[in-house]
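A quick write-up on the structure given underneath.
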Amino acid sequence: MTDQREVSIVRWPDRAPSGQDGPAELLAAYHLQTQAEKGETVAGVDGLPDRYRAEIADPRAAFADDVVLLALTGDTAVGCLVVTASADGRAEVKRLWTDPAFRGRGVAAGLVGAALEHAAESGVSAVRLSVWQWRTGAIALYERLGFTVTESWDERDRLVCMERAV
């Protein structure tokens, strides 16, 4: 049975769930799933590229200049998102992940909404993101939230770049 408690969005590490290392488990799930979707399945975190392992091992250091948002139900982290520090008047949203058991409950939309609010408070003019083209559900969510496809700033194949004004 899925837990039906309310989900709240908090800034990490200001509020860390007890018994968990913040977003580490969620980041591990995100990166392992992404590798599998790219056809590069690995057996575990140790098989991930170094930069992804570094995020999982020490999210506080990896995202020291950024804002990490967690979706909590009770004291359990069920979603995460990173908002990068402003560059050229823009922030970037990355690492959006919702625990599969909590999908369809507005967790991702809540995280993106909180990221947009943070960006507005920080004085940025736009928020951008990149998403793999096969993640059609995520692309549809971003479009519903006002993001539009824009010229790519990333050289990787099959990556869709999107942006919206704040």
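Here is a check on your reading of the model: is Asp154 acidic (Asp, Glu) and touching a strand residue (DSSP E or B) at 6+ places or on another chain (Cβ under 7 Å)?
Working: acidic (Asp, Glu): yes; touching a strand residue (DSSP E or B) at 6+ places or on another chain (Cβ under 7 Å): yes.
Yes; evaluated as a whole, the condition is true for this residue.
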**OP:** May I ask you to verify whether Val42 is at pLDDT below 95, more than 18 Å from the chain's Cα centre (by Cα), surrounded by 13 or more Cβ atoms within 10 Å (Cβ to Cβ) and not in a helix (DSSP H, G or I)?
**Re:** yes
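Checking the structure you have, find out if any residue of region 93-109 is among the hydroxyl-bearing types (Ser, Thr, Tyr), within 25 Å of Ala64 (Cα to Cα) and surrounded by 14 or more Cβ atoms within 10 Å (Cβ to Cβ). Spell out how you get there, then give the answer.
Of region 93-109, the ones among the hydroxyl-bearing types (Ser, Thr, Tyr) are 98.
Checking the rest, the ones that are also within 25 Å of Ala64 (Cα to Cα) come to 98.
Remaining after also requiring surrounded by 14 or more Cβ atoms within 10 Å (Cβ to Cβ): 98.
Yes - at least one qualifying residue is present in region 93-109.
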Original post:
What is the one condition in (1) without any contact (Cβ under 8 Å) to a residue 12 or more places away in the chain; (2) at positive phi; (3) not aliphatic (A, V, I, L, M) that Gly123 does not satisfy?
Top reply: (1)
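For Ala115, state whether it is in contact with a strand residue (DSSP E or B) (Cβ under 6 Å, 6 or more places away or on another chain), under 18 Å from Glu6 (Cβ atoms) and surrounded by 18 or more Cβ atoms within 10 Å (Cβ to Cβ).
no
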**OP:** Go through region 85-102 and count every residue that is at pLDDT 95 or above, part of a loop (DSSP other than H, G, I, E, B) and not acidic (Asp, Glu).
**Re:** 0
Original post:
Can we say Leu81 is within 20 Å of Ala140 (Cβ to Cβ), part of a strand (DSSP E or B), in contact (Cβ under 8 Å) with a residue 12 or more places away in the chain and in contact with a strand residue (DSSP E or B) (Cβ under 9 Å, 6 or more places away or on another chain)?
Top reply: yes
Original post:
Which residues, taken from region 1-28, are modelled with pLDDT of 70 or more and closer than 12 Å to Phe102 by Cβ?
Top reply: Glu6, Val7, Leu26
Subject >> Among residues of region 70-115, those that are under 17 Å from Ala28 (Cα atoms), among the polar types (S, T, N, Q) and out of contact with any helix residue (DSSP H, G or I) (no Cβ under 6 Å at 6 or more places or on another chain), counted >> reply: 1
**OP:** Among the residues of region 118-164, write down those that are farther than 15 Å from Val83 by Cα, among the aliphatic types (A, V, I, L, M) and surrounded by fewer than 16 Cβ atoms within 10 Å (Cβ to Cβ).
**Re:** Ala140, Val149, Leu159
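Does Ala140 satisfy being outside any strand (DSSP E or B) and among the small types (Gly, Ala, Ser)?
Values: outside any strand (DSSP E or B): yes; among the small types (Gly, Ala, Ser): yes.
When the stated conditions are applied, Ala140 passes them.
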**OP:** Return the residue satisfying two criteria in turn: it lies in region 48-68 and is free of Cβ contacts under 8 Å to residues at least 12 places away in the same chain and assigned to a helix (DSSP H, G or I), and of such residues it is farthest from Leu111 (Cα to Cα).
**Re:** Asp50
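The values are calculated or read from the model by the stated rules, or taken from the named source; none is laboratory data. On a predicted model such as this, the values are computed, not experimentally measured, just so you know. A quick note on method: Cβ atoms are made from the backbone with ideal geometry, for glycine too, and the neighbour counts reach across all protein chains shown.
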